[in-house]
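S.K.: Next up is a structure, given as structure tokens.
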Amino acid sequence: MSNQLTAIFFLKRYFTMENEKLILNLSIIIPCYNVENYIEQCLNSIVQQTVQPKEIICIDDGATDNTANVIQDFAQKFSCVKYIYQTNQGVSQARNIGINQATGQYIQFVDPDDILHPNLFATFLKVLKISNVIELFYFENQNFEKLENIEFNNNDNSLIRFDTGNELFTHIIENKKYPGACWKYILKKEALNLRFEGRNHEDHLITLDVLLSANLTYYSKSPLYYYRKRANSLTSNKKISTQYIELFSQIIDKCTKYVQKSNLLPNTKIQYINFLRSDYLFNINIYYLYKEKPPIIEVYMHIYTRLFIKNNAKKLSNILYIIRYGMKNKIPLKHIIIFIRASLNKDINFITNKINALLN
């Protein structure tokens, strides 16, 4: 009898049934600004899953294109889709509004041009059935350029349990898969201690706090989130300013102090701090150099986005692409060789330092 009561309690607390679909007690938060070309694919990847979230909160951050109409069309077809408008205040404030409006026990941040694995929510439900006190579900990710090129992996044996967020964080760092973006996990709403303040790269601090504060966590070695790499999103869409650099620097300093006070092993702290500093230096170099030499920076950055393709089956074709693209754009042979080495070992410090050296 007690087992039956436990099962009923679990069903009511973590998911319900609606129109023959399982509904997770989960709120999806999507900040949207001028994404009319992408938001439909993003929402389809959510509503077409066999297991559904309780709600999908789309915050229109004052978009000037057809974004609002696309979302509202979805809201008419799917009762779980909620449309909220705010005057243009930025992605951070949009996420905060989503957090305040969320009624789910768990929340997940999704960027409007990205795609979810068809089995993401089913996998999360599997984790909840294993342990219903989980605070964080962290999953691997993979980049893509076109939806039709994504190869979804269905590895059901890729889940790893960690009793603390510290253990999960250490595992991620040791495997050179650095945490940062807030779309890399699903977490209990009550575990989110911080709010977004509108600073560049503040994902680093939010994710750091979430990971190191968590208790029971699960990790998926298989990618369950696919983020879109747009051709010039790393360069021309960024504004160069001393204020940007200062705000980025403040986030790096906060993360450094936070991790130094943690219970992480010294080597893990060093690896993480080195990653932050490399990322900071790389961004500054790109901003200043792009201002002076936009054509060559665009070429190098296009190759840079391809260095992190994680599908080993595509490794050879990726190397051939780098060679062809490099020769077509007259990149020196020694530079092409460096990119090939980077593609093979994917060491972030190596890649960043070498690219900085090439561009200086």
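The values are calculated or read from the model by the stated rules, or taken from the named source; none is laboratory data. Computed from a predicted model, the values in this text were never measured in an experiment. Methodologically, a virtual Cβ is constructed for each residue, glycine included, from the backbone with ideal geometry; neighbour enumeration extends over all protein chains shown.
S.K.: Are any residues in segment 140-154 of a type outside the set (A, V, I, L, M, F, W, C) and not in a loop (DSSP other than H, G, I, E, B), and if so, which ones?
M.R.: E140, N141, Q142, N143, E148, N149
S.K.: For N154, state whether it is in contact (Cβ under 8 Å) with a residue 24 or more places away in the chain and closer than 26 Å to S131 by Cα.
M.R.: Criteria met by N154.
S.K.: On to the next question. Does segment 124-139 contain any residue that is more than 30 Å from T164 (Cβ to Cβ), touching a residue at least 40 places away in the same chain (Cβ under 8 Å) and assigned to a strand (DSSP E or B)?
M.R.: no
S.K.: Looking only at segment 180-224, how many residues end up being of a type in the set (A, V, I, L, M), free of Cβ contacts under 8 Å to residues at least 40 places away in the same chain and surrounded by 20 or more Cβ atoms within 10 Å (Cβ to Cβ)?
M.R.: Count: 1.
S.K.: Quick check on T6: is it under 20 Å from Q108 (Cβ atoms), at pLDDT below 95 and outside any loop (DSSP other than H, G, I, E, B)?
M.R.: no
S.K.: Check whether at least one residue in segment 146-161 is within 30 Å of E197 (Cα to Cα), in contact with a strand residue (DSSP E or B) (Cβ under 7 Å, 6 or more places away or on another chain) and not aliphatic (A, V, I, L, M), and report yes or no.
M.R.: no
S.K.: In contact (Cβ under 8 Å) with a residue 40 or more places away in the chain, in the same structural domain as P112 (by TED's automatic domain parsing), part of a loop (DSSP other than H, G, I, E, B) and farther than 28 Å from P31 by Cβ - does that describe any residue in segment 162-170?
M.R.: Yes, segment 162-170 contains a residue that is in contact (Cβ under 8 Å) with a residue 40 or more places away in the chain, in the same structural domain as P112 (by TED's automatic domain parsing), part of a loop (DSSP other than H, G, I, E, B) and farther than 28 Å from P31 by Cβ.
S.K.: Tell me whether segment 73-85 contains one or more residues that are modelled with pLDDT under 95, among the charged types (D, E, K, R) and assigned to a strand (DSSP E or B).
M.R.: Within segment 73-85, none of the residues are modelled with pLDDT under 95, among the charged types (D, E, K, R) and assigned to a strand (DSSP E or B).
S.K.: Would you confirm whether or not segment 194-203 contains a residue that is within 17 Å of T164 (Cβ to Cβ), over 16 Å from the mean Cα position of the chain (by Cα) and at pLDDT below 90?
M.R.: There is no residue in segment 194-203 that is within 17 Å of T164 (Cβ to Cβ), over 16 Å from the mean Cα position of the chain (by Cα) and at pLDDT below 90.
S.K.: Something else now. Those residues that are within 11 Å of C32 (Cα to Cα), aliphatic (A, V, I, L, M) and either surrounded by fewer than 22 Cβ atoms within 10 Å (Cβ to Cβ) or over 20 Å from the mean Cα position of the chain (by Cα) (or both), I need them from segment 48-69; list them, please.
M.R.: Matches in segment 48-69: A63, A68.
S.K.: In segment 70-101, what residues are over 21 Å from the mean Cα position of the chain (by Cα) and charged (D, E, K, R)?
M.R.: Once the filter is applied, which keeps residues that are over 21 Å from the mean Cα position of the chain (by Cα) and charged (D, E, K, R), segment 70-101 yields D73, K77, K82.
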